[in-house]
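Structure provided below as structure tokens; questions to follow.
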Amino acid sequence: MRLLRVLPILGLLVASPSWSSLVGPCDPGTPLPVWLEIAPPICPGQPLNLVARACGPCVDLLYSTQAPGEPLRIVAAQDYRSCVTRLCLPESLSVPLGSFASGHHEILVHLLLYNLIHDSTTCTVERTDTLRFDVPRECKPPPPLPYTEVIRVGPPPPCATCPPPPICPGLEIPFFIAGQFPNDCYQFRGLELRPSPIMGPLPEPPIARVYVARNACSPCRLFPVPWEASTMLPPLPPRDYNLMVEMAVSDWCDSTHIRDTLYTALVPFQVAESCSVPPPPQACFLHSWRDVSPDPDCETVVGPGTPGRTYLQIWADTPLARLRGRLQLTPPDLRIVGLRPAGIASGMQLTWDPLRDGASFELFSAIRSTIDSRCMPPAMCPPMSEPVLEVLVAERPGVPIPPLTLLDALELEGTGKVGNRVLECPTFAAIPPARICRGRSCDFNGDGHLDMRDLVLMRLCVSGRGECPDSAGTRFDCNGDSALTVEDVRCCAHVILHGRLPAGLLARPEPGLGIDRGASVATLTGLDVPIRLNGANRVGAGRLTLAYPASRFDRAGVEILGDAASWVQVSEALGGELIIGLVATAGAEEVPGRLDLVVHFGLAAGQTASSDVRIVGTEFVAPDGAVLEPASSTTDVPASAPPFRLLAARPNPFSVETRFVLSVAEAADVDLGVFDLAGRRVATLHHGPLGAGDHPFVWDGMCTDGRRAEGGVYFCRVLGAGSSAAARLILLGAR
């Protein structure tokens, strides 16, 4: 069928080599359904192949050609004259590229599509793509199957360096397989056990077949996609075996295409003659306390009129449907005034009772929610503790606050999803309690509530613009340095971060005050979310709450663009919620009317980026302490032309210096820096205003502190105007 469609087109091409000059371009917007990729494996010194893939009604990839000094040219045709289908018909063309040295490489590819609509009507669609890829310094041995990193037959070893347990006769045999796909055009579809083709007097293991679907009908997003699967093989008698593991890759665009490629690997394993089966390990959990205090020696601080807040954290090797226990304060001079489910337990119910020296509590599931702190997938990331219970501790009326109070979690007991009892794991040393230190008060207005109004009044006192209560220098010296300064405002901002405005307060409408959330930008280490506060000069203090997928991002930070010195900014990420506190340190006449922030989310191990980040709460207080009501609700900034473009660095890789151009659409405050793969700033190339136009920059591989950066991969990032852009740089180790 393909040959019949291509022959008339080839005849036209042969008859007129300059045929492309005899036809005009197609209408703007006519698609060119061809995508490019480098076929793995990508190894230094080994021949590489470019693969062009097409998927459209009656599209054929015809040939490729390349003249000296010209881009690689790939020609395709779409013949509607004899096309009787509108289904996706996958097509591919492999082009040998030769071998490449290690480093970053770019190839220009010019795509040309002849669109044959009628016998007398032909038009062309053209596009030039830049295919970028990296060749590693050395090539790892190829896995037994593509996109596969782990194949295990038998029970998992009890620790990373322990030998695997024997496979016992007469028992089902665990089978586990895991890996990652290079982009999101691949999808794991299932694992199936198929009968063995070997017939004989002795039983044979089945065939384990993994089904993978490949999308050849749309562009791919280039980030790794982890996958895993497990099952149980039937029992086998003692002897040596080879398990046949297959991977069937099919095309999900064409349901009639059963299998495109079948890969096969043999995995040897042995069933022991006999073995004693140990009892299954007892499920257990561990607890710890989260440090929320700026004081490194304390988990939290309690002052006069200023409660302290800390979080009980749990790591468990099984989901918990119930958790109960007792909290004990030593000495019992403070009291627990509040408990609340937090983090991964936010969807659970809580009952608690105050005790003379603490409180008893019980967390339980009402709608199938559980405390599940297992790291997923377990093969690719370590376990971690997650907050489950917020504990609020305050002074006891008429009792002096002790310098140090210890908070212990005692008699903890959990219940699994199937009703099994789960106890704390045995440890060699006692788990340390939370340390609660005596601090100063942050209740500046003395109303018994900790909220942003206290911060505004405290800032006015510190700056000399407002009244200071008697003995304010000692009563509100939050950081204990015997002086009331802006650092005490920052210290109290950490304490008040979770304190909301009391209900029922009258709010003053403020026209022009509002929040705009820009489009999320994927980075090399995670996701950047730009946020703009309009009417910032009308704000004395503000509080923003963002919800984000905690399973994908394990860290979050906030960066102020422009005049960061005019603001005190504190933030805390907990259980899928990021709270940002802002306090203006200057008068309204000195604060710009617009404040731009960028929230940086860091990817957790083995996870992929998600733009599911939402602003779920805002509170604002005026410089005079009045509560403000924004005139406009939070909005998403509509997509538009990006304000920045980082043009390709030359040379790249480099050993001495690299040059690139930053194109700015309109004048803006810009931060341009070089960062390592962990997100740490290595060098600042520009910080301040830039006019519209193209601006050349050079990085010579030097760090801000004057040291030479080590060879490796870095990225150049520009922030400003509610947006960001990034480009990869590769610094060679020697000059």
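Checking P205 against (1) modelled with pLDDT of 85 or more; (2) not in a loop (DSSP other than H, G, I, E, B), only one condition comes out false. Which one?
(2)
Further question: Which members of the range 26-47 meet the condition of being touching a residue at least 60 places away in the same chain (Cβ under 8 Å) and more than 23 Å from C123 (Cβ to Cβ)?
Across the range 26-47, the qualifying residues are E37, I38, P40, P41, I42, C43, P44, Q46.
In the range 686-706, which residues are surrounded by 17 or more Cβ atoms within 10 Å (Cβ to Cβ) and under 29 Å from the mean Cα position of the chain (by Cα)?
Hits for the range 686-706 are W699, G701.
Okay, residues lined up against (1) within 38 Å of the chain's Cα centre (by Cα); (2) among the aromatic types (F, W, Y); (3) closer than 22 Å to A586 by Cβ:
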site: P432; (1), (2), (3): yes, no, no
site: I436; (1), (2), (3): yes, no, no
site: C442; (1), (2), (3): yes, no, yes
site: D451; (1), (2), (3): yes, no, yes
site: L460; (1), (2), (3): no, no, yes
site: A472; (1), (2), (3): no, no, yes
site: L501; (1), (2), (3): yes, no, no
site: A507; (1), (2), (3): yes, no, no
site: L513; (1), (2), (3): yes, no, yes
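Sticking with this one: In the range 183-206, what residues are surrounded by 15 or more Cβ atoms within 10 Å (Cβ to Cβ) and either aromatic (F, W, Y) or free of Cβ contacts under 8 Å to residues at least 12 places away in the same chain (or both)?
Correct list: Y186, F188.
A further question on this structure: Identify, from the list R538, R594, the residue that is touching an Asp or Glu at 6+ places or on another chain (Cβ under 6 Å) and assigned by TED's automatic domain parsing to the domain that holds F620.
R538
Let me ask you something else. Could you please give the count of residues in the range 520-542 that are more than 12 Å from A725 (Cα to Cα) and either in a loop (DSSP other than H, G, I, E, B) or in contact with a helix residue (DSSP H, G or I) (Cβ under 6 Å, 6 or more places away or on another chain) (or both)?
Of the residues in that region, 6 qualify.
Continuing with the same structure: Test each condition in (1) farther than 24 Å from G358 by Cβ; (2) surrounded by 12 or more Cβ atoms within 10 Å (Cβ to Cβ) for G419 and report the one that comes out false.
(2)
Filter the range 535-551 down to residues that are crowded, with 18+ Cβ neighbours inside 10 Å and either over 15 Å from F620 (Cα atoms) or not charged (D, E, K, R) (or both), then give me how many there are.
First pass over the range 535-551, keeping only residues crowded, with 18+ Cβ neighbours inside 10 Å: 535-544, 546, 548, 550.
Now narrow it down to the ones that are either over 15 Å from F620 (Cα atoms) or not charged (D, E, K, R) (or both): 535-537, 539-542, 544, 546, 548, 550.
Summing the residues that are crowded, with 18+ Cβ neighbours inside 10 Å and either over 15 Å from F620 (Cα atoms) or not charged (D, E, K, R) (or both) in the range 535-551 gives 11.
I would also like to ask the following. Going by the conditions given, is V292 closer than 28 Å to D443 by Cα, at pLDDT below 85 and of a type in the set (V, I, T)? Spell out the reasoning first.
Details: closer than 28 Å to D443 by Cα: yes; at pLDDT below 85: yes; of a type in the set (V, I, T): yes.
The answer is yes for V292.
Looking at (1) touching a Gly at 6+ places or on another chain (Cβ under 6 Å); (2) within 16 Å of Q569 (Cβ to Cβ), can you tell me which one L595 breaks?
(1)
Sort out which residues of the range 35-60 are modelled with pLDDT under 85, of a type outside the set (V, I, T) and assigned to a strand (DSSP E or B), and write them in order of number.
Result: W35, L36, E37, R53, A54, C55, G56, D60.
L662 - would you say it is in contact with a Phe, Trp or Tyr (Cβ under 7 Å, 6 or more places away or on another chain), surrounded by 12 or more Cβ atoms within 10 Å (Cβ to Cβ) and of a type in the set (A, V, I, L, M, F, W, C)?
yes
A follow-up question, please. May I ask you to list the residues in the range 432-462 that are out of contact with any helix residue (DSSP H, G or I) (no Cβ under 8 Å at 6 or more places or on another chain) and more than 21 Å from E395 (Cα to Cα)?
Within the range 432-462, P432, R453, V456, L457, L460 qualify.
The values are calculated or read from the model by the stated rules, or taken from the named source; none is laboratory data. Just so you know, these numbers come straight off a predicted model, no measurement behind them. Every residue, glycine as well, gets a Cβ built from its backbone with ideal geometry; the counts of neighbours run over all protein chains shown.
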